[in-house]
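As structure tokens, the structure follows; a few thoughts come after it.
Each reported figure results from applying straightforward, stated rules to the coordinates on display, with no laboratory input. Owing to the predicted nature of the structure, the values given are computational and were not obtained by experimental measurement. All Cβ positions, glycine included, derive from the backbone under ideal geometry; neighbour counts span all protein chains shown.
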Amino acid sequence: MKTALVTGSSRGIGAAIVRRLERDGVKVRGHDSGQADLSTMEGIGKALEGIGTLDILVNNAAAPPAGPIETDTPESFDHLMAVNVRAPYFLIQRARMNDGGRIITVSSVATRMANPAQTSFAMTKGALETMSRTLAQQLGPRGITVNVVAPGATKTPDNREVFTPELEAAIASLTAHRRLGTADDIADVVAFLASDDARWVTGQVLDASGGLFLGPRTRGGSMGR
């Protein structure tokens, strides 16, 4: 039986990832901030406490955007960097990964679009994408794949209040599928990367946004309809 650690697993996308991996027969160790504060090195160690070797590590936990540069503070910036960048980096360093393992980190489409309200947040996710490409090269000889999943707007039971009908309609109109993502949408992509089927995929960023901001729509409707 394969073993996995999923950070930020108490709700939302993280909880969906746990459920999906368990359906695939994976023994999952979950984590939430109440168990281990990933903004500290002590918390990083605690998240790995009692775990032997791992086949799958999913870096999902993240601090939310701290706002535009005008209102950001050194304290909020440092916290964001600690949770979103330092924690995944040192979890990977300290995890005892089995050969042929899978390291999957959750990024965001914020890295490929300009959103002034998420500047520092996007910086952290960009750092993770660079980290993953580099580690894919380093860990490849051991058969370990290192990939990134980049969700777009994803509606979960925990954040549904944020998506007013007007906001949901506006964002949905910018996706190819004309809807928001769900936690299960993202979990299925993570599960693919964690599977044996993804053994030849490494160093990649998989966009899981339903085609958010692909470009302007053409008039005339869908082909064949």
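For Asp37, the residues whose modelled amide H falls within less than 5 Å of its own, excluding neighbours fewer than 5 places apart on the same chain, are Gly43. Magnitude of the charge dipole for the chain, about its Cα centre and with charges confined to Cβ atoms of Lys, Arg (+1) and Asp, Glu (-1), is about 700 debye.
Within 10 Å, at most 15 other Cβ atoms, and a DSSP state outside H, G, I, E, B define an exposed site. Report the longest part of the chain free of exposed chymotrypsin sites (Phe, Trp or Tyr not before Pro). The longest such stretch corresponds to 1-199. Residues whose amide H comes within less than 5 Å of that of Gly100, counting only those at least five positions distant or on another chain, are Gly143, Ile144 (H built at 1.01 Å from N in the peptide plane). In summary, the convex hull built on the alpha carbon positions of the chain has an orientation-averaged projected area of 13.9 nm². Taking the DSSP beta bridges with both ends in segment 3-207, the antiparallel portion is around 0 percent. Computed over Cα pairs, the Kirkwood radius of segment 43-101 leads via Stokes-Einstein (0.692 mPa s, 37 °C) to a diffusion coefficient of 253 µm² per second. Here the Karplus relation 6.51 cos²θ - 1.76 cosθ + 1.60, evaluated at θ = phi - 60°, turns the backbone of segment 89-105 into coupling constants of 4, 7, 5, 5, 4, 9, 5, 8, 7, 6, 4, x, x, 10, 10, 10, 10 Hz, with x for every Gly and Pro.
Treating only the Cβ atoms of Lys and Arg (+1) and Asp and Glu (-1) as charged, compute the dipole magnitude of segment 101-173 about its Cα centre; round to the nearest 20 debye. Don't skip to the end; give the middle numbers.
On the way: 7 positive and 5 negative charges, 88 e Å.
Roughly 420 debye for segment 101-173.
Taking amide H atoms as placed 1.01 Å from N in the peptide plane, the amide H of Asp207 lies under 5 Å from those of Ala150, each 5 or more residues away in sequence or on another chain.
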